[in-house]
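Q: Supplied in structure tokens, the structure appears directly below.
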Amino acid sequence: MKHVVSIEDLDNKRIMGILKRAKQLVPVAEGKKKSKALDGKILAACFFEPSTRTRLSFESAMQRLGGTCIGFADPSATSHLKGETLLDAIRMVAGYSDVIVLRHPHEGSAKLASEVSEVPVINGGDGAGQHPTQTLLDLFTIKEEIGKLEGLNVGMLGDLRYGRTVHSLSQALDRFKAKFYFISPKSLRMPTHVTDELQNDWSTHETLDEVLGKLDVLYVTRIQKERFPDIEDYKKVAGAYRINAEILQKAKSKMRILHPLPRVDEISTDVDETKHAAYFRQAFNGVPVRMALLEQLMGKKK
Amino acid sequence: MSENLLKVQPIRNGTVIDHIKPGRGRKILEVLGLSGSGTTISLLMNVPSKKRDRKDIIKVEDRELSENETEKLALLSPNARVNIIRNYAVAEKKKIEIPKVISGTVHCPNDNCISNNERGSSTHFKLLEHESLRIQCIYCGRKIDEDNIEFI
């Protein structure tokens, strides 16, 4: 059985296969074409913490392929609060479904679930750990926007310390020979457990200005208030990393900005109208990418 | 080696843990809970060694180590040797090895790891590096080295 717990479970060939299929599935994701590929199949969305975007895009993907969804969006509606273990919940749900999407606040929960589940488990985010379908949709967006994945200059900006999307994405892009520019305040730098593993060049910067002109992709993450004990410190830092259309005049015309959303004010709305803004297309891309993955896990072998 | 062993009385039956990394003997007694076991135990520290400069030796009377204890010992001092003594003679020499997957002996230091939050779950670590010991939790991916290992 093929569980998808971490992006490391997928080799480059399989990643490219998913991205290629995702592109073919875009018209189905848009509702312009119909598919019955997963007719009769059931997806169970087990969300032990809320994540509207991940859950809705999985459910949309499943239904666009002719399948149906069951599940819960919040553990307060389940026996979890009565003290049921994750493994008991997974054994039960595996009996009701053909694939499980698990979102859970603790790192490693998808791996643990995959040890007992009789149907494939897809990790929909486990604490500060992995969220492989987010990484896949980020890769798909970069490939579609830039035209390739190999050898890009990738800037990552904002909260690089706690932002798990940038950790997994840098791991994945490293396999495609990216050169990284990590731009953040000192206190939110990319952790060494990520940079130690990188095979390709990377550098850290405190301002976007010094590297902006080199970038093919700029991946922006939100700096969260909770990370700063002092609100004044937060305001100063957040202000220094805000992007607007004027700043972007120094960027290459083909440079694209990605953001996992939701954004607060780290990207000014005047950027939305520029050719650089790719984040809304990125959010849509969650659907075809998840369709391609679901089809691969449950569809008929060709 | 026989000279060194003469410094304390030879044991009739039991276990001699030899070639322990110098200074690690006390930690091994503590982790294996040997001092509380009621049997006679001798700890020799900084004994001159032919193989390395110095070593610690532990002698435990009337007791052999379980597999779980040997696994912990391997993590604490990978080059140690375990000799089983029966009737004053070495009956068995065991070379200890760190298993590729270390199960149920080491605690994951990440409080948010599922192995610390799921009732009834066990811990599993993958062996990354043998020499300068490094292991990784198979659930949350946290890596730990020799100095930060906490045993269950």
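Q: Using alpha carbon centroids, what distance separates region A:1-49 and region A:209-249, in Å?
A: Here the answer is 32 Å between Cα centres.
Q: Give me the distance in nm between label points sitting 7 Å out from Cα along the Cα-to-Cβ direction at A:VAL116 and A:LYS225, one decimal.
A: Result for the modelled spin labels: 3.9 nm.
Q: Say each of A:ARG53 and A:THR68 gets a label point 7 Å from the Cα, pointing the same way as Cα to Cβ; how far apart are those two points in nm?
A: Computed distance between label sites A:ARG53 and A:THR68 equals 3.0 nm.
Q: Grab the beta carbon distance between A:TYR96 and B:GLU150, set R0 = 35 Å, and tell me the FRET efficiency rounded to 0.05. If you can, show how the numbers build up before the last one.
A: Values: r = 39 Å, r/R0 = 1.11.
The value I calculate is 0.35.
Q: Of A:LYS13/A:LYS179; B:LYS27/B:LYS126; A:LYS82/B:LYS72, which pairs sit farther than 25 Å apart, going by alpha carbon to alpha carbon? Please list the in-between numbers first.
A: Details: A:LYS13/A:LYS179 21 Å; B:LYS27/B:LYS126 23 Å; A:LYS82/B:LYS72 36 Å.
Correct reply: A:LYS82/B:LYS72.
Q: What is region A:132-282's relative contact order, in percent, from Cα pairs under 8 angstrom and six or more apart in sequence?
A: Values: 256 pairs, mean separation 37.3, N = 151.
With pairs under 8 Å counted, the relative contact order is 25 percent.
Q: Once you've got the GNM for chain B with C-alpha springs shorter than 10 Å, pick whichever of B:LYS95, B:LYS55, B:LYS21 has the biggest mean-square fluctuation.
A: B:LYS95
Q: Can you tell me, using C-alpha contacts under 8 Å and at least 6 residues apart, the relative contact order of chain A as a whole percent?
A: Values: 564 pairs, mean separation 59.3, N = 302.
Normalised by residue count, the contact order of chain A is 20 percent.
Q: With the crude spin-label approximation of a point 7 Å out along Cα→Cβ, what separation in nm comes out for A:ASP196 versus A:TYR234?
A: 3.1
Q: I would also like to ask the following. Size of the dipole of chain A about the Cα centre, Lys and Arg at +1 and Asp and Glu at -1 on the beta carbon, nothing else charged, in debye to 20?
A: 1320
Q: Moving to a separate point now. Kindly flag which residue pairs out of A:LYS214/B:LYS143; A:LYS225/A:LYS252; A:LYS225/A:LYS275; A:LYS41/A:LYS148; A:LYS250/A:LYS275; A:LYS36/A:LYS275 have an alpha-carbon separation exceeding 24 Å in this structure.
A: On the way: A:LYS214/B:LYS143 34 Å; A:LYS225/A:LYS252 31 Å; A:LYS225/A:LYS275 29 Å; A:LYS41/A:LYS148 34 Å; A:LYS250/A:LYS275 13 Å; A:LYS36/A:LYS275 35 Å.
In this structure, A:LYS214/B:LYS143; A:LYS225/A:LYS252; A:LYS225/A:LYS275; A:LYS41/A:LYS148; A:LYS36/A:LYS275 exceed 24 Å between Cα atoms.
Q: Still on this model: How high is the relative contact order of region A:170-250, in percent, counting Cα pairs under 8 Å that sit 6 or more residues apart? Provide the component values of the computation, followed by the final result.
A: Numbers: 53 pairs, mean separation 22.5, N = 81.
Over region A:170-250, the number comes to 28 percent.
Q: Still on this structure: Along the charge dipole of region A:132-282, Cβ charges K/R +1 and D/E -1, which of A:LEU188, A:TYR162, A:HIS276 sits furthest on the positive end?
A: With unit charges placed on the Cβ atoms, the residue in question is A:HIS276.
Q: Could you work out the mean count of beta carbons from other protein chains within 10 Å of each residue's beta carbon in B:106-117? Numbers along the way, then the final one.
A: Values: counts 0, 0, 2, 0, 6, 2, 8, 8, 15, 6, 3, 10.
Going residue by residue through B:106-117 and averaging, the value is 5.
Q: Quick one: check the C-alpha center-to-center distance for region B:25-54 versus region A:162-190, whole angstrom.
A: Cα centres, region B:25-54 to region A:162-190: 46 Å.
Q: Out of B:PRO48, B:LEU128, A:LEU149, whose Cα points farthest toward the positive end of the dipole of the protein assembly as shown (charges: +1 Lys, Arg; -1 Asp, Glu; placed on Cβ)?
A: In the protein assembly as shown, that residue is A:LEU149.
Q: How high is the FRET efficiency from A:GLN24 to B:SER103, r the C-beta distance, R0 41 Å, rounded to 0.05?
A: Values: r = 43 Å, r/R0 = 1.06.
Computed FRET efficiency for A:GLN24 and B:SER103: 0.40.
Q: Can you tally the net charge around A:LEU149? Count Lys and Arg as +1, Asp and Glu as -1, for every other residue whose Cβ sits under 15 Å from the Cβ of A:LEU149. Write down the numbers at each step before the final one.
A: Values: positive: A:LYS13, A:ARG14, A:LYS20, A:LYS23, A:LYS143, A:LYS148, A:ARG175, A:LYS177, A:LYS179, A:LYS254, A:ARG256; negative: A:ASP11, A:ASP138, A:GLU144, A:GLU145, A:GLU150, A:ASP174, A:ASP216.
Spelling it out: positives minus negatives among the neighbours equals +4.
Q: For n ≥ 4 DSSP H runs only, could you compute -39500 (n - 2.57) per run for chain A, divide by its residues and tell me the 222 nm figure to the nearest 500? Show your work: numbers first, answer last.
A: Details: 9 runs with 108 residues, N = 302.
Calculated at 222 nm, the ellipticity per residue is -11000 deg cm²/dmol.
Q: How large is the helix-only mean residue ellipticity at 222 nm for chain B, computed as the sum of -39500 (n - 2.57) over DSSP H runs with n ≥ 4, divided by its residue count, in deg cm²/dmol to the nearest 500?
A: Roughly -3500 deg cm²/dmol at 222 nm, from the helical runs in chain B.
Q: Which order do the peptides B:38-48, A:3-13, A:156-166 take when ranked by the mean count of other beta-carbon atoms within 10 Å per residue, highest first? Please report the intermediate quantities before stating the final value.
A: Details: B:38-48: 14.5, A:3-13: 16.9, A:156-166: 22.4.
For the peptides B:38-48, A:3-13, A:156-166, the packing ranking is A:156-166, A:3-13, B:38-48.
Q: Let me check I've understood the local charge: for A:ALA245, count other residues with C-beta under 11 angstrom from its C-beta, Lys and Arg +1, Asp and Glu -1. What total comes out? Mind showing how you got there, number by number?
A: On the way: positive: A:LYS275; negative: A:GLU246, A:ASP270, A:ASP272, A:GLU273.
Charge balance in the 11 Å sphere: -3.
No value in this document is a laboratory result; all are computed from the given coordinates. It should be emphasised that the depicted structure is a prediction, and the values quoted were computed from it without experimental measurement. Cβ sites come from the backbone with ideal geometry, for glycine too, and all protein chains shown count toward neighbours.
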